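S.K.: Take this structure first; my questions come after.
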Amino acid sequence: MPIRDNDHLNELRASMDIDALRHDLAIAAEAARAGRSNEEVSDEELRVAFERMSPDIERRYGVAVWDAMVVAQPVPETSTDAVNQSQHDQEWQALYDALGAVLIQFGKEDAYGNGDYWIVDDSCGTPCHNVRISRLGFVTPHLISAIQRALQATPHWKVLLQIDETLDGVPGSSSGLTVHHDTVEPHPRLRA
């Protein structure tokens, strides 16, 4: 069952042995590396290694391997201070609005995969936005530059572009890009 929202994510985290899950995921990453550095391993090699492990992960933890990676990510520490929360909420909304204005220039938004993208409209309390990409061709250098310009007002924020395109009914990738105001890096960054 895919992760539905932040409440579901928190329930999954509370019900799992996260250290064991991280260990299992690290084993798959290490198998793909075979003694090489992270930079020497292709995304395809990592995808194949995780796909091989997917049935075991689903049996042990009840979630697909790609959702397990999300569950296994460290939970960022957030301030419960009301002033900080209010500032976060204001920044989240301002960036959400800015991303909406930027992305609509490049394609069509649709939460059900019938467009080019969907800006996830749920704040998880961290300084990032998640944009689900339904069509790989939507991601261009011009799009990335436009997102980076939108991030200039809040340089501590980032935008995760998660590729959700399917090939023959199978997810083509669980990867994507993490866009910062000044850099872009592959996502997810897997470390053993």
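The values are calculated or read from the model by the stated rules, or taken from the named source; none is laboratory data. It should be emphasised that the depicted structure is a prediction, and the values quoted were computed from it without experimental measurement. In this analysis, Cβ positions are derived from the backbone assuming ideal geometry, glycine residues included, and neighbour counts consider all displayed protein chains. Heavy atoms of the whole protein, side chains included, go into the accessibility calculation; ligands, DNA and RNA do not. Shrake-Rupley method; radii C 1.70, N 1.55, O 1.52, S 1.80 Å.
S.K.: Looking for something in contact with a His (Cβ under 9 Å, 6 or more places away or on another chain) and at pLDDT below 90 - is there at least one such residue anywhere in segment 74-88?
M.R.: Yes, segment 74-88 contains a residue that is in contact with a His (Cβ under 9 Å, 6 or more places away or on another chain) and at pLDDT below 90.
To keep it simple, each residue is scored yes or no on (1) in contact (Cβ under 8 Å) with a residue 40 or more places away in the chain; (2) in contact with a strand residue (DSSP E or B) (Cβ under 6 Å, 6 or more places away or on another chain); (3) over 26 Å from F50 (Cβ atoms).
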site: N114; (1), (2), (3): no, no, yes
site: T126; (1), (2), (3): yes, no, no
site: R132; (1), (2), (3): no, yes, no
site: T140; (1), (2), (3): no, no, yes
site: A146; (1), (2), (3): yes, no, yes
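Residue-by-condition table, conditions (1) without any contact (Cβ under 8 Å) to a residue 12 or more places away in the chain; (2) under 17 Å from G176 (Cβ atoms); (3) not small (G, A, S):
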{"residue": "L21", "(1), (2), (3)": "no, no, yes"}
{"residue": "R33", "(1), (2), (3)": "no, no, yes"}
{"residue": "L46", "(1), (2), (3)": "no, yes, yes"}
{"residue": "F50", "(1), (2), (3)": "no, yes, yes"}
{"residue": "I57", "(1), (2), (3)": "no, no, yes"}
{"residue": "A64", "(1), (2), (3)": "no, yes, no"}
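Here's the yes/no breakdown for (1) within 27 Å of V120 (Cβ to Cβ); (2) in contact with a Pro (Cβ under 8 Å, 6 or more places away or on another chain); (3) touching a residue at least 12 places away in the same chain (Cβ under 8 Å):
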residue	(1), (2), (3)
E11	yes, no, no
D24	yes, no, yes
S37	no, no, no
E40	no, no, no
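S.K.: Just one of (1) of a type in the set (D, E, K, R); (2) at pLDDT below 90; (3) more than 23 Å from A20 (Cβ to Cβ); (4) touching a helix residue (DSSP H, G or I) at 6+ places or on another chain (Cβ under 9 Å) trips up E44, so point out which.
M.R.: (4)
S.K.: Within segment 49-65, can you find the residues that are exposed (fewer than 14 other Cβ atoms within 10 Å of the Cβ) and assigned to a helix (DSSP H, G or I)? If you could, list the steps in order and put the result at the bottom.
M.R.: Kept after step one, since they are exposed (fewer than 14 other Cβ atoms within 10 Å of the Cβ), are these residues of segment 49-65: 52, 55-56, 59, 62.
Those that are exposed (fewer than 14 other Cβ atoms within 10 Å of the Cβ) and assigned to a helix (DSSP H, G or I): R52, P55, D56, R59.
S.K.: Could you say whether any residue in segment 28-39 is assigned to a helix (DSSP H, G or I), acidic (D, E), open to solvent by 80 Å² or more (accessible area, probe 1.4 Å) and at pLDDT below 75?
M.R.: Within segment 28-39 (the criterion being assigned to a helix (DSSP H, G or I), acidic (D, E), open to solvent by 80 Å² or more (accessible area, probe 1.4 Å) and at pLDDT below 75), the answer is yes, since at least one residue qualifies.
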